[in-house]
Amino acid sequence: MAVDFQALISSPTEAYAEGLRFFRGKGMLNEALRRVASDLERNQIDYVVIGAVALNQHGYRRFTEDIDILMTQEGLEKFRKLMIGRGYRPAFEGASKKFRTTEENVSVEIVVTGDYPGDGLPKPIAFPEPGTVAIEIEDIKTISLERLIELKLASGMTAPDRLRDLADVQELIKLKSLDEGFASKLNEYVRPKFIELLSGARSAGNRQDTEV
């Protein structure tokens, strides 16, 4: 009998063990991720992974309980037509963008090109077409680092409940040793916030260097 992922992560002990497997590239969520990517490729649906899965693809280890995927509206409609009832189901009755794998019960949440990050209101940054921002990391189409950071900055700047997105950016700054040169690659709407977070990361580093 297949293990239910939602039941597994409800146990602190089992969730911790799954987290360790996840960081080693194994575990239920990674298995589901590889199958989702394979299913999307087979059905010729353009996609990139975003969110915490993308953070991990770029080397920042943070556990997550779901798989966030960016696709076009056409891709979403194709997903519903070809994949619902064939390994996937709506997460709840009437769900239009939230799904679950039927085998492991892993959450798959879809974001659509043209949606706005954070508060959902119009702003200079919107979710792009996946084909324009995709890079391949370990056979998974992943949003590029520049666009991932842009979206996280725009989200954290406009939604008070999304401050973790700003913390994620600061961790990426430290992990990747990003600097002002990287800032020049970002949309000017989020560039000042990136510089602010960069300054904060440097200040924290300087304090650590002077500790006895």
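When DSSP beta bridges are limited to those with both residues in region 5-210, what percentage is antiparallel, rounded to the nearest 5? List each step's numbers first, then the result.
Details: 13 of 21 bridges.
Taking every DSSP beta bridge with both residues in region 5-210, the antiparallel ones total about 60 percent.
Fully extended, how many nm does the chain gain between Arg35 and Lys81 (0.36 nm per residue separation, minus their Cα-Cα distance)?
Here the segment from Arg35 to Lys81 would lengthen by 14.8 nm.
I need the calculated FRET efficiency for the pair Ser203 and Phe23, taking r as the beta carbon distance and R₀ as 30 Å, to the nearest 0.05.
With a Förster radius of 30 Å, E is 0.55.
How far apart, in nm, are two points set 7 Å out from the Cα along the Cα-to-Cβ line at Glu146 and at Arg61?
Result: 3.0 nm between the two label points.
Assuming R0 = 41 Å, can you tell me the calculated FRET efficiency for the pair Thr13 and Glu188, based on Cβ-Cβ distance, to the nearest 0.05? Don't skip to the answer; put the middle values down first.
Details: r = 47 Å, r/R0 = 1.15.
FRET efficiency, Thr13 to Glu188: 0.30.
Go through Leu163, Asn105, Thr142 and say which Cα lies farthest out towards the positive end of the charge dipole of region 5-210; charges sit on Cβ, +1 for Lys and Arg, -1 for Asp and Glu.
Of the candidates, Asn105 comes out farthest on the positive side.
Can you give the extra length, in nm with one decimal, that the chain gains between Glu103 and Ile137 once fully stretched, where that is 0.36 nm per residue apart less the Cα-Cα distance? It would help to have the intermediate numbers written out before the result.
Details: separation 34, 0.36 × 34 = 12.24 nm, distance 2.46 nm.
Computed gain between Glu103 and Ile137 is 9.8 nm.
Given an 8 Å cut-off on Cα distances and at least 6 residues of separation, report the relative contact order of region 59-174 as a percent.
20
How do Arg100, Arg24, Arg89 rank when sorted from fewest to most other Cβ atoms within 10 Å of their own Cβ?
Arg24, Arg89, Arg100
Just one of (1) 1.07; (2) 0.94; (3) 0.99 is Rg/Rh (Cα atoms, Kirkwood Rh) as worked out from the coordinates here. Which one is it?
(3)
Treating the beta-carbon of each Lys and Arg as +1 and of each Asp and Glu as -1, no other charges, what is the dipole magnitude of region 95-212 about its Cα centre, to the nearest 20 debye? Write down the numbers at each step before the final one.
Details: 16 positive and 21 negative charges, 62 e Å.
With Lys and Arg at +1 and Asp and Glu at -1, about 300 debye.
Answer with one residue from Ala201, Leu121, Gly75: the one whose Cα lies farthest towards the positive end of the charge dipole of the chain, charges on Cβ with Lys, Arg +1 and Asp, Glu -1.
Working it through, the farthest residue towards the positive pole turns out to be Gly75.
List every residue whose amide H lies under 5 Å from the amide H of Ile137, counting only residues 5 or more places away in sequence or on a different chain, with H placed 1.01 Å from N in the peptide plane.
Thr142
With charges only on Cβ, +1 for K and R and -1 for D and E, what is the dipole size of the chain about its Cα centre, in debye, rounded to 20?
100
Sequence gap of 8 or more, or different chains, plus Cα separation below 22 Å: how many lysine pairs satisfy both in the chain?
So the count of such lysine pairs works out to 27.
Values in this text are rule-based calculations from the coordinates and carry no lab data. For clarity, every value in this text was computed on a predicted model and none was experimentally measured. Neighbour counts are summed over all protein chains in view; Cβ atoms, including those assigned to glycine, are modelled from backbone coordinates with ideal geometry.
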